[in-house]
Amino acid sequence: MKEELVERLDLGIETFTKVNASYIAICGGAPNRKAGVSEASQMFEYLINHNVDEERIIAEDESLTTTGNARNLKKILKDIEIENIYLVSTKYHFYRKFFRKCQNVFKQYFKNTNIINVYKED
């Protein structure tokens, strides 16, 4: 995994623990189908190796886009009412137009949910 993804995962674990969240969701398909490994599966292993309980991890491993992340995660969570979603990213992404799009996509699929942005200050 790239260093930036590891930093996001570490911040995700920190946030998950700090807010005492019920679940931590990870999203990402296999951008390189030949490798046969999804981003979510790599993230899952990382979380397990950092003492996150397997039963509290929700993995969406099909999507290759932000819209796919939100849509597929909504399908997985269809019967669960969600109060807050913490979108964890880097400061770099937070200020980009891409991240605003990401927020809007998640707001579209999780209408009655607070979307809270989390990023690490440099």
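What follows draws every value from the coordinates through simple rules; no lab data is involved. All figures in this text were calculated on a predicted structure; none of them were measured in a lab. For neighbour counting, all protein chains shown are included, and Cβ atoms are generated from backbone atoms with ideal geometry for every residue, glycine included.
Could you run the Karplus curve 6.51 cos²θ - 1.76 cosθ + 1.60 with θ = phi - 60° over segment 59-64 and give me ³J(HN,Hα) per residue in whole Hz, x for Gly and Pro?
Computed from phi, the couplings for segment 59-64 are 10, 10, 10, 10, 6, 10 Hz.
Loop by DSSP (not H, G, I, E, B), at most 16 other beta-carbon atoms within 10 Å: where is the longest site-free stretch of the chain for trypsin sites (Lys or Arg not before Pro)?
On the way: sites that count: 2, 33, 34, 78, 96, 111.
Looking at the chain, 35-77 is the longest stretch - no exposed trypsin sites (Lys or Arg not before Pro) with at most 16 other Cβ atoms within 10 Å.
Take the Cα pairs of the chain, get the Kirkwood Rh, then feed it into Stokes-Einstein at 4 °C and 1.567 mPa s and tell me D in µm²/s.
For these conditions, the coefficient is 88 µm²/s.
Can you give the longest run of the chain that contains no GluC sites (Glu not before Pro) sitting in a DSSP loop with at most 11 other Cβ atoms inside 10 Å? Walk me through the numbers on the way to the answer.
Values: sites that count: 81, 83, 121.
Of all site-free stretches, the longest is 1-80.
Check which residues have an amide H placed less than 5 Å from residue 25's amide H, if you skip close sequence neighbours.
58
Among residues other than residue 110 whose Cβ falls under 13 Å from its Cβ, what is the net charge (Lys/Arg +1, Asp/Glu -1)?
Residues close to residue 110 contribute a combined charge of +4.
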